[in-house]
1. Which one, Ala51, Leu73, Phe83, is farthest towards the positive end of the dipole of the chain when Lys and Arg carry +1 and Asp and Glu -1 on their Cβ?
2. Just the Kirkwood number for the stretch 30-183, please: inverse of mean 1/r across all distinct Cα pairs, in Å, one decimal.
3. Between the stretch 31-51 and the stretch 111-151, what's the alpha-carbon centroid distance in Å?
4. May I ask you to derive the relative contact order of the chain, considering only C-alpha pairs under 8 Å and at least 6 residues apart, and to give it as an integer percent?
5. Of the accessible area of the chain, with the probe set at 1.4 angstrom, what percent is carbon plus sulfur?
6. Hey, can you find the accessible area per residue of the stretch 97-179 for me, probe 1.4 Å, expressed in square angstrom?
7. For the chain, which cysteines have no second Cys with its Cβ under 4.7 Å from theirs?
8. Rounding to the nearest 20 debye, state how big the charge dipole of the chain is about its Cα centre with +1 on each Lys and Arg Cβ and -1 on each Asp and Glu Cβ.
Amino acid sequence: MKHEPTYVEIFLTRLAFFFCGGSVYRAFADRLPLGGHERVLDFGCGMGTVAYFVAKRLHRGHLTCLDVSERWLNACRKTLRSFWNVSFLRGEATHLTKESFDIVYCHFVLHDIPERELERIIPALSVSLKRGGLLVFREPLKETGKLGAIKRLMEGNGMSPSFSRVTDVPIMGNALESVYIKL
Ligand SMILES: C[S@@+](CC[C@H](N)C(=O)[O-])C[C@H]1O[C@@H](n2cnc3c(N)ncnc32)[C@H](O)[C@@H]1O
């Protein structure tokens with residue numbers, strides 16, 4: 001199946017998480033505007049690199065980790081086994097319920113998805129957000145074509161740009177970090 005990683009890929013990601021977790025993933029998780037009580041979606045959670053740090057911040061909230069890959073989701077279950085406030089969902093954004101999240105984030109996910117799939121996914125993510133909720137993403141800056149398509153789809157689906165910045169991510173290079181508000 002095209003979405004399933006090899007075990008070597010999972011092992012290498014665990015190594016990167018172990019050695020660079022703080023500077024890459026925690027830095028992003030710590031910038032999410034969380035009070036601790038929100039309902040949050042990690043879209044394309046992978047092995048839970050960002051989710052691990054977000055779950056720690058949600059003292060009274062809840063995190064849903066969604067991935068299309070069963071192997072990545074199993075790896076994520078392992079990473080987050082000590083948390084009680086997390087649930088796991090395998091599948092597509094189109095499976096999500098209307099207005100169920102305060103914050104949706106995507107970390108290095110959207111740039112890898114073909115534009116015709118983004119045309120289904122971004123509207124579904126927007127629908128899953130409560131009014132006034134936030135969609136935050138971080139994607140490689142060099143993917144200019146894809147970033148343009150993402151911006152167009154966000155703005156065409158009831159999302160208004162609120163904030164953007166470029167961050168230099170260790171190992172991964174420059175990335176665009178953007179926050180959109182659901183109108
Ligand atoms: C590069 S990894 C990033 C994982 C994690 N967010 C991180 O930063 O470590 C991309 C992830 O997105 C998932 N993914 C790709 N297409 C997807 C889709 N259509 N729906 C849900 N997840 C998807 C992949 O299975 C993979 O786990």
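1. Phe83
2. It works out to 15.5 Å.
3. Between the Cα centres of the stretch 31-51 and the stretch 111-151 lies a distance of 16 Å.
4. 18
5. Carbon and sulfur atoms account for 56 percent of the accessible area of the chain.
6. Value for the stretch 97-179: 46 Å² per residue.
7. Those would be Cys20, Cys76, Cys106, since no other cysteine Cβ in the chain comes under 4.7 Å of theirs.
8. It comes to approximately 440 debye.
The values are calculated or read from the model by the stated rules, or taken from the named source; none is laboratory data. Remember, predicted model here, so these are calculated numbers, not experimental data. Neighbour counts are summed over all protein chains in view; Cβ atoms, including those assigned to glycine, are modelled from backbone coordinates with ideal geometry. These area figures cover heavy atoms from the full protein model, side chains too; ligands, DNA and RNA do not enter into them. Shrake-Rupley method; radii C 1.70, N 1.55, O 1.52, S 1.80 Å.
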